[in-house]
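Student: Below is a structure I'd like to ask you about.
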Amino acid sequence: MGWHTTTSAEVFLDLAGAFLRSRPVEHTLPLTIAGTLRERGPHHYGAADPLFGWYATGGGRVDGAFLQTPPFPLLVTAAPEGTMAELAALLAGRPLSGVNALTADAEAFAGAWCARTGVRAKQGRRSRLFRLAGLTPPEPPPGAARVAGPDDRALLLAWLEAFHRDIDEHRRGLDDLVDDHLSYGGLFLWEVGGEPVAMAGLTRRQAGMVRVVAVYTPPDRRRRGYGGAVTAAVTRAALDAGADDVVLFTDLANPTSNSLYQRLGYRPVEDRSLVEFTS
C-alpha cells in the first residue's frame, strides 16, 4: 500500500490507466497529458524527465495518481485522505514549482511540502471543471466557424501566445502545440467576412472524453458573442465526432466565462487550486 513511481508514460498508463479511465471527466488532465507524452515522447513539455505515480491500496487497487512534467506544477488526482504528506515525502529532493489538485488536497500537500523543504506557498489560480450536460447554442453572431489549417499557423501561434499571457501561464513549445492540433483538426476559428475573430481548440479524445481548450478572442473583438459561438462550434464538433463527455476548465476569478459556459449547457464538476512554491 502506498505511492509508486515511474518515468515511463507507457508503464503509468498500463498500471494506472484503468483508474484514470474510470472517471475520464475528473481525470481529463492526466489522461490527455500522459497520452500526449506516450504519443510524442517524454520531453514534449520540457527537457527534464517527467515523473508519474499512482497510489495502490492494500489489495493493489489504484486509488490515486499524479504526474509532473518539469517545469510545470505537480498534478494530482483525488486520492485517499491523509496521503498528501506521504506523497510530499516521496517527492522530497525533486524541484517543484507548485501543485495542482483538488483544493483540500492542494492545501494539504503544500503544507507538508513547505514544512519539509522550507519553501513558501502562494495561492495561484483557482479553476472549476465543467462537463457538458446538453448543448444550448447561443444566438449566433455574424460569421461562421471553420477548422483551422496550415495557412492559419502564424495567427494561431500569435493567439496562443496571447491566450497564455492572459492566463499568466508560461508555456514552452507552442509551435509544437499548434502543429499537433493542426494534425488532427483540433483548432477552430470563427470568421466574419473572411476575417478570423476568435479561436477555440479541442484535445484528442481519451476514454470518450474531449476537453475544450484555448478559447481566445482578441481584446478589440470581445463582447460581441464570438467566444461563445466558437465554443459552441467546437463542442458540437466533439459531439458529432463521437465524444461521450465534453469538458472545460474556467478561472474562478473570471465570472464572465463561468457564466458564459453555463449558458451553453456546461455544469460544474469540481474545483481545483494551483498553489505555487517560492524560495
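Student: Please find, among 234, 230, 215, the residue that is within 19 Å of the chain's Cα centre (by Cα), over 15 Å from residue 32 (Cα atoms) and surrounded by fewer than 24 Cβ atoms within 10 Å (Cβ to Cβ). So that I can check it myself, show each step before the final result.
Tutor: Working: 234 fails: surrounded by fewer than 24 Cβ atoms within 10 Å (Cβ to Cβ); 230 fails: surrounded by fewer than 24 Cβ atoms within 10 Å (Cβ to Cβ).
Step by step, each of 234, 230, 215 is checked, and only 215 is within 19 Å of the chain's Cα centre (by Cα), over 15 Å from residue 32 (Cα atoms) and surrounded by fewer than 24 Cβ atoms within 10 Å (Cβ to Cβ).
Student: Same structure again: Can you tell me which residues in segment 3-54 are modelled with pLDDT under 95, of a type outside the set (A, V, I, L, M, F, W, C) and not in a helix (DSSP H, G or I)?
Tutor: Passing the criteria: 41, 42, 43, 44, 45, 46, 49.
Student: Could you check, for segment 187-196, whether at least one of its residues is part of a helix (DSSP H, G or I), buried (at least 17 other Cβ atoms within 10 Å of the Cβ) and not aliphatic (A, V, I, L, M)?
Tutor: Filtering segment 187-196 for residues part of a helix (DSSP H, G or I) gives none.
No, segment 187-196 contains no residue that is part of a helix (DSSP H, G or I), buried (at least 17 other Cβ atoms within 10 Å of the Cβ) and not aliphatic (A, V, I, L, M).
Student: Considering each residue of segment 258-279, count those that are open to solvent by less than 50 Å² (accessible area, probe 1.4 Å), part of a helix (DSSP H, G or I) and in contact with a helix residue (DSSP H, G or I) (Cβ under 8 Å, 6 or more places away or on another chain), and give that number.
Tutor: Residues that pass the stated criteria total 2.
Student: Pairs only if they're at least six apart or on different chains, beta carbon under 7 angstrom, first in segment 190-214 and in contact (Cβ under 8 Å) with a residue 24 or more places away in the chain and of a type in the set (Gly, Ala, Ser), second part of a strand (DSSP E or B) and open to solvent by 30 Å² or more (accessible area, probe 1.4 Å); list them, first residue then second.
Tutor: Close Cβ pairs satisfying both conditions: 200/215; 201/213.
Student: I'm trying to understand the selection: among the residues of segment 5-26, which are open to solvent by 80 Å² or more (accessible area, probe 1.4 Å), touching a residue at least 12 places away in the same chain (Cβ under 8 Å) and farther than 23 Å from residue 273 by Cα? Walk me through how you get there before you give the answer.
Tutor: Pass one, segment 5-26, residues open to solvent by 80 Å² or more (accessible area, probe 1.4 Å): 7, 10, 14-15, 21, 23.
Of the ones still in play, those that are also touching a residue at least 12 places away in the same chain (Cβ under 8 Å) are 7, 10, 15, 21.
Answer for segment 5-26, where residues must be open to solvent by 80 Å² or more (accessible area, probe 1.4 Å), touching a residue at least 12 places away in the same chain (Cβ under 8 Å) and farther than 23 Å from residue 273 by Cα: 7, 10, 15.
Student: Out of the residues in segment 130-157 that are among the small types (Gly, Ala, Ser) and either in a strand (DSSP E or B) or without any contact (Cβ under 8 Å) to a residue 12 or more places away in the chain (or both), which is surrounded by the most Cβ atoms within 10 Å (Cβ to Cβ)?
Tutor: Start the filter on segment 130-157 by keeping residues that are among the small types (Gly, Ala, Ser), which leaves 133-134, 143-145, 148-149, 154.
Of the ones still in play, those that are also either in a strand (DSSP E or B) or without any contact (Cβ under 8 Å) to a residue 12 or more places away in the chain (or both) are 144-145, 154.
Values: 144: 12, 145: 21, 154: 9.
My answer is 145.
Student: Give me a count of the residues in segment 68-85 that are crowded, with 20+ Cβ neighbours inside 10 Å and free of Cβ contacts under 8 Å to residues at least 24 places away in the same chain.
Tutor: Selection size over segment 68-85: 0.
Student: I need a count of the residues in segment 197-212 that are open to solvent by 30 Å² or more (accessible area, probe 1.4 Å) and among the hydrophobic types (A, V, I, L, M, F, W, C).
Tutor: Here is the first cut: in segment 197-212, the residues open to solvent by 30 Å² or more (accessible area, probe 1.4 Å) are 204-207.
Those still in the list that are among the hydrophobic types (A, V, I, L, M, F, W, C) too: 207.
Matching residues across segment 197-212 total 1.
Student: Okay, next question. Tell me, yes or no, whether segment 168-186 has at least one residue that is in contact with a strand residue (DSSP E or B) (Cβ under 9 Å, 6 or more places away or on another chain) and part of a strand (DSSP E or B).
Tutor: No: zero hits.
Student: Pick from 65, 104, 108: which is open to solvent by 30 Å² or more (accessible area, probe 1.4 Å), under 18 Å from residue 129 (Cβ atoms), among the small types (Gly, Ala, Ser) and not in a loop (DSSP other than H, G, I, E, B)? Spell out how you get there, then give the answer.
Tutor: On the way: 65 fails: open to solvent by 30 Å² or more (accessible area, probe 1.4 Å); 108 fails: under 18 Å from residue 129 (Cβ atoms).
When all the criteria are applied, what remains is 104.
The values are calculated or read from the model by the stated rules, or taken from the named source; none is laboratory data. Computed from a predicted model, the values in this text were never measured in an experiment. Note that we place each Cβ from the backbone using ideal geometry, even for glycine, and neighbour counts take in every protein chain shown. Accessible surface is based on the protein model in full, side chains and every heavy atom, while ligands, DNA and RNA are left aside. Shrake-Rupley method; radii C 1.70, N 1.55, O 1.52, S 1.80 Å.
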